[in-house]
Every structure is written in structure tokens, then in C-alpha cells.
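The values are calculated or read from the model by the stated rules, or taken from the named source; none is laboratory data. Treat the numbers as computed from the prediction; the structure is a model and nothing was measured. Positions of Cβ are backbone-derived with ideal geometry, glycine not excepted, and every protein chain shown enters the neighbour counts. Accessible surface is based on the protein model in full, side chains and every heavy atom, while ligands, DNA and RNA are left aside. Shrake-Rupley method; radii C 1.70, N 1.55, O 1.52, S 1.80 Å.
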Amino acid sequence: MSKWYPKNGRVIFHVDMNSFYASVEMAYNPDLKGKAVAIAGNPGERKGIIVTSSYEARKKGVKTTMPLWEAKKLCPELLVMRPNFDRYRTASRQMFKILSDVTSFIQPVSIDEGYMDITDCEQLGSPLEIAENIQNRIKEELDLPCSIGIAPNKFLAKMASDMKKPMGITVLRKRDLADKLWPLAVKEMYGIGEKTADKLNKLNIHTIKDLVDTDTYQLKRVLGINGERLQNRAKGLDTSPVDPDAVHEFKSIGSSETLPHDTTDELEIRKLFVHLTRNVVRRMRRKQAVGRGIQIMIKYHDHKTITRSRKLSDYMENEEDILAVSLDLFDKHWNQQPVRLLGVTVQDVAEKKDVAKQLDLFTYEKEAGKEKLYQTIDKLTEKYGKNPFMKLGANEEDDQPRTSFQKDFLNDFKKHDE
């Protein structure tokens, strides 16, 4: 059995639920099985966008983020449902509970996927046997399909889980890269979006093998340090650990919404800013968080999108303050063209308890007793400025989230994991 578990290496799983929202609805209502099903954010309006769809719908060309009208044109029989987030949360918690029966080294990355490090699970069988057991349990107990990638690191495990869907189990070893990974188009590589793929294509990099063979200096010149990182991953190199504590981290909290129609009506625009700001503040309260930066996003009628941000001198959590900065940014950067979508994001986010720990340093002068601590206080004062931790009172409000459900799920997972 030990041949499956390298002495100096790792065995990593990436568990990826297949068409998760749609699959949960099918498990809840078996009459939907075998039908073209889609979950859409708002089925009754133009802004309705496909969140996910069943494989039957995908065969007709229905894709995530596709406008609802376009999806129905491709698939007239499409059954469209509103998302039921409570139902998805419950299913996700049950899925992660099954994973936790195998190992405590689990890193959720969204509501429907996560990494597992099973390097020390030799007593449970071979990696393939463990993966089959997980897949079967999720299917039998929850009636949900999943795919699992097995590899020596997180990147390769992620790539492997995408290679066979639904209900696939794929092993991707470093010796398999030339046959299984490198022939793929570079745009199919995890971590490479459309814009990066376009930049790589202009360098005549079309496959992952091309990325491996390209001069590193040229990649760094075009993509910065990310170019070298992508090349290393293409070579099968990834040292990032499966970190159960990563679920505790969040850097920004945002909310965006498409208007029912393109508009230049300032009253309508400002009402939406109020709505978005309240969404953000609600989520900040749930996370007991504060932030030091504000960013707005404006998408125009022609789909041109801009983002503008401002760094703040103090931590901020108050709705009126965030709204004031957001509106000021909009007033300064709006080109008077019809607006299609708006977004508000609080950046450089920190948990209040962590900020409070820093604040405590300023109140312990009587007990300091040592010059080094005084120096630390001086450095923090210089770095954060006078009274940088204003308005840190706790708020126990626990409203349900209205946006960014995937990110909110991670916060909930953290709570249930404690």
C-alpha cells in the first residue's frame, strides 16, 4: 500500500461538485432529473444571468454567465429556477462533513469545491479507493455527483478534476503531464483568464506545452512575476499547502448589480448605490469586519467597464461614510454615458478582533516596561496614523447575504468549523 504514498511528496485531492446548484435542485425534486435545468439570478428580468445549468442544458450550448434570453433561444425547453441558497448551504455542509470523515486537512475554496491532503491516510486504502469511497458516499447519501482530481499538488489536482465530468476520478502524475496536460490549450489552464490567454497567444503561446517552453524572461516582461508562476505550474510545480485556515481569510467585500435598463438618471443611480452599500455593510457586519479602501465599478451600455478606488486613512465600516466615498468616486469618473451595472467594494478588509489586537498596543504603555515595545508602538503609530481604529463597536446583526454567495459561504463554513 505504501507505494501509493510517497515518502517525500504529497497526495492531494480536488473535489469538485458537478453542476452543483442544478444537481441540488434535482436531488430535491427527482422529476427534474434528465431535463435541461438552469439556475438564474433573476428569471423575470433582462439582468437574469445563468448561474449554472444541468449537463442536459449544457449540451444545447447553455453556459454560465450567459444572458437568460440567449439561453432560452438555444434551449427552448429550459427549466429556469431561482437560486435557493439555504438549500445549497445545507448540501455543501453535508458534503464537507463527508470529506472531514477522511481528513481534517481540508481547504474549502467555494461552496462546491475544496482541496484535501490525504498524505497521512494510508490506513484508509489507496488514493483511488479513498476517492471512490468519497464519490460514492456523496452520491448515495446526498444524491449529488462530483469529480475528483488526484495529484501531488493542488494545481495538478484542480486540473485533473476538470478532465472528466460528471462523476469522474482522474489521476494526474508529473510523468503524465506530456500526454494529459501539455497538449491542452493555454486558455484551459487554471489561473489563466481570457485577457491573459490573449496576451499569451500574441506571444505565440497556444498550448500549455508552449508555456512550458517559453523563455521565462519574456513571460515576466509581459505578465510580471505571475508569468513565472504560471510557467512553474505548467511544469507541475506547486508548493502551496492545503490550508484549513485559508477559509478565514478575506481581502474585500463587494456587491454589484445590473440595472433593469441602461440609464443616465442620477436619482436611479444613487438609489442603486444606496442599495449596494447596504449590502456591503450587511456583509461586513456578519463578518465583523472593517476596511481601508473603497472601489466602485461602472459598466456602461457598450459593456466598457472601469474601476476606480480610493485608499482611506482610517478603517471604515459606517454605511454613510462608504456611500459618501462611493458617490464621490462616481461623480468624478462617470462620463455621462448610460450605465448598465454598478458595483461597490470595500477593500483591505480586516476582522475587527485583529484590528483590536493592534489597537491594544496603544493602551499598554503602563505595562510596557521595555524599550522594544515602545518602538513597536511608535512604528504602528507612524504606519497607521492617529486613531486609525475608529468605530469598532461590535454588531450582532446576522442578516442573510444578498450577494457574493460563494464568498459568504466560506465565512459560514468557518463558523461551523469552530
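Taking all protein chains in place and a 1.4 Å probe, what share, in percent, of the accessible surface of region 252-357 do carbon and sulfur account for? Before the final figure, lay out each step's value.
Working: 2060 of 4600 Å².
Of the solvent-accessible surface of region 252-357, carbon and sulfur hold 45 percent.
Pop a pseudo-label 7 angstrom from the Cα along the beta-carbon direction at both Asn133 and Asn8 and give the gap in nm to one decimal.
In this crude label model, Asn133 to Asn8 measures out at 2.9 nm.
Would you grab the residues whose amide H sits under 5 Å from the one on Phe105? Only those 5+ places off in sequence or on another chain, please, with H modelled 1.01 Å from N.
Asp117
Of Glu70, Glu319, which has the most accessible area and how do the rest follow, probe 1.4 Å?
On the way: Glu70 65, Glu319 40 Å².
So the residues, ranked largest to smallest area, are Glu70, Glu319.
Return the sequence-ordered ³J(HN,Hα) values of region 266-279 in whole Hz as given by the Karplus equation 6.51 cos²θ - 1.76 cosθ + 1.60 applied to θ = phi - 60°, using x for Gly and Pro.
Whole-Hz 3J(HN,Hα) from phi for region 266-279: 5, 5, 5, 5, 5, 4, 5, 4, 4, 4, 5, 4, 5, 4.
Tabulate in residue order the Karplus-calculated ³J(HN,Hα) for region 204-211, using 6.51 cos²θ - 1.76 cosθ + 1.60 with θ = phi - 60°, rounded to whole Hz; enter x for Gly and Pro.
Along region 204-211, the couplings run 6, 9, 10, 10, 5, 4, 4, 5 Hz.
Run the accessible area of region 30-83 with a 1.4 Å probe and give the carbon-and-sulfur part as a rounded percent.
Working: 1700 of 3010 Å².
It is 56 percent, rounded to a whole number.
Given Lys199/Lys332; Lys199/Lys235; Lys63/Lys154, which pairs have Cα atoms separated by over 23 Å?
Working: Lys199/Lys332 31 Å; Lys199/Lys235 19 Å; Lys63/Lys154 26 Å.
Those over the limit are Lys199/Lys332; Lys63/Lys154.
How much accessible area per residue does region 30-83 have, counting only protein heavy atoms and a probe of 1.4 Å, in square angstrom?
Details: 3010 Å² over 54 residues.
Ligands and nucleic acids excluded, the figure is 56 Å² per residue.
Beyond 23 Å, what percent of the Cα pairs of region 55-190 remain? Could the numbers behind the result be given before it?
Numbers: 4127 of 9180 pairs.
It works out to 45 percent of all Cα pairs.
Return the long-range amide H neighbours of Leu79 (sequence gap of 5 or more, or a different chain), with a cut-off of under 5 Å between placed amide H atoms.
Excluding prolines and chain starts, which carry no amide H, the hits are Ala36, Val37, Ala38.
At 25 °C and 0.890 mPa s, what whole-number value in µm²/s does Stokes-Einstein give for the translational diffusion of region 10-123, with Rh from the Kirkwood sum over Cα pairs? The partial results should precede the final answer.
Numbers: Rh = 15.3 Å.
My calculation gives 160 µm²/s for D.
Name the long-range amide H neighbours of Asn84: under 5 Å, sequence gap of 5 or more, or other chain; modelled H, no Pro or chain starts.
Distant-sequence amide H within range of Asn84: zero hits.
Tell me, what is the per residue accessible area of region 252-357 in Å², probe radius 1.4 Å? Could you put the intermediate results ahead of the total?
Working: 4600 Å² over 106 residues.
For region 252-357, the per-residue accessible area is 43 Å².
Please list 335-341, 4-10 highest first by mean number of surrounding beta-carbon atoms within 10 Å per residue. Mind showing how you got there, number by number?
Working: 335-341: 14.7, 4-10: 11.6.
Taking the mean over residues of other Cβ atoms within 10 Å, the ranking is 335-341, 4-10.
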